[in-house]
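**Student:** Would you mind keeping the following structure in view while I ask a few things?
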Ligand SMILES: [Zn+2]
């Protein structure tokens, strides 16, 4: 188990993509950004550099594996849903600015406001589905990855339960950070 966690992020990511049979994805180490992400537009997984910098931190090493599995899980999600998520998020932003500008000039525009709430709610729901699906699958992918590396079932079980506990602790903050700006925009539209 120790040897696996010592591996470089790119190597782990390549191995996982092989296991889930999705070899077309590009992998890049992201130096500026602290978070890791999958971008469907260029089919690329960006892995945060922090995992290679804080090599000796045990918690960090374990997190690396789960985060990479999570982004790999995004890479095999339905492209249709990802496109829909992308389009709706952008429409939501554009509608928000139109409504704010309109309100500044004292115009009502009630219908667009209702439309805005519908678009915002659907985009929250779609993003939630994508994240929940990637989170559930990341655990399964980690288990498959460890088993393929000849880690015994007992150890796999224990690391899986560790990850489940960690997810339980970190998910509320993750969801909040995911939607914070969207919630602020919805609040502004309600108040102005
Ligand atoms: Zn995600």
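The values are calculated or read from the model by the stated rules, or taken from the named source; none is laboratory data. Treat the numbers as computed from the prediction; the structure is a model and nothing was measured. Cβ: placed from backbone, ideal geometry, glycine included. Neighbour counts: every protein chain shown.
**Student:** What is the one condition in (1) over 20 Å from residue 178 (Cβ atoms); (2) in a helix (DSSP H, G or I) that residue 82 does not satisfy?
**Tutor:** Here residue 82 meets the rest and fails (1).
**Student:** Would it be correct to say that residue 184 is surrounded by fewer than 12 Cβ atoms within 10 Å (Cβ to Cβ) and either more than 16 Å from the ligand (Cβ to nearest atom) or at negative phi (or both)?
**Tutor:** Here the answer is yes, as residue 184 does meet what is asked.
**Student:** Let me ask you something else. Could you please find all residues in the range 78-94 being surrounded by fewer than 19 Cβ atoms within 10 Å (Cβ to Cβ) and either within 15 Å of residue 19 (Cα to Cα) or over 18 Å from the mean Cα position of the chain (by Cα) (or both)?
**Tutor:** Once the filter is applied, which keeps residues that are surrounded by fewer than 19 Cβ atoms within 10 Å (Cβ to Cβ) and either within 15 Å of residue 19 (Cα to Cα) or over 18 Å from the mean Cα position of the chain (by Cα) (or both), the range 78-94 yields 91, 93, 94.
**Student:** Restricting attention to the range 35-55, does a residue exist that is within 16 Å of the ligand (Cβ to nearest atom), under 18 Å from residue 8 (Cβ atoms) and in a loop (DSSP other than H, G, I, E, B)?
**Tutor:** Yes, there is a match, as at least one residue in the range 35-55 is within 16 Å of the ligand (Cβ to nearest atom), under 18 Å from residue 8 (Cβ atoms) and in a loop (DSSP other than H, G, I, E, B).
**Student:** A further question on this structure: Give the residues of the range 10-28 that are surrounded by 16 or more Cβ atoms within 10 Å (Cβ to Cβ) and within 17 Å of the chain's Cα centre (by Cα), sorted by residue number.
**Tutor:** Matches in the range 10-28: 13, 16, 17, 25, 27.
**Student:** Filter the range 56-77 down to the residues that are surrounded by 13 or more Cβ atoms within 10 Å (Cβ to Cβ), away from the ligand (no atom under 16 Å from the Cβ) and either at pLDDT 85 or above or in a helix (DSSP H, G or I) (or both) and list them by number.
**Tutor:** Passing the criteria: 60, 61, 62.
**Student:** Would you check if residue 52 is at pLDDT below 95 and surrounded by fewer than 17 Cβ atoms within 10 Å (Cβ to Cβ)?
**Tutor:** For residue 52, the condition - at pLDDT below 95 and surrounded by fewer than 17 Cβ atoms within 10 Å (Cβ to Cβ) - is met.
**Student:** Considering each of 124, 98 in turn, give the residue that is within 16 Å of the ligand (Cβ to nearest atom), part of a helix (DSSP H, G or I) and either under 18 Å from residue 188 (Cα atoms) or at pLDDT below 95 (or both). If you could, list the steps in order and put the result at the bottom.
**Tutor:** Details: 98 fails: within 16 Å of the ligand (Cβ to nearest atom).
The match here is 124.
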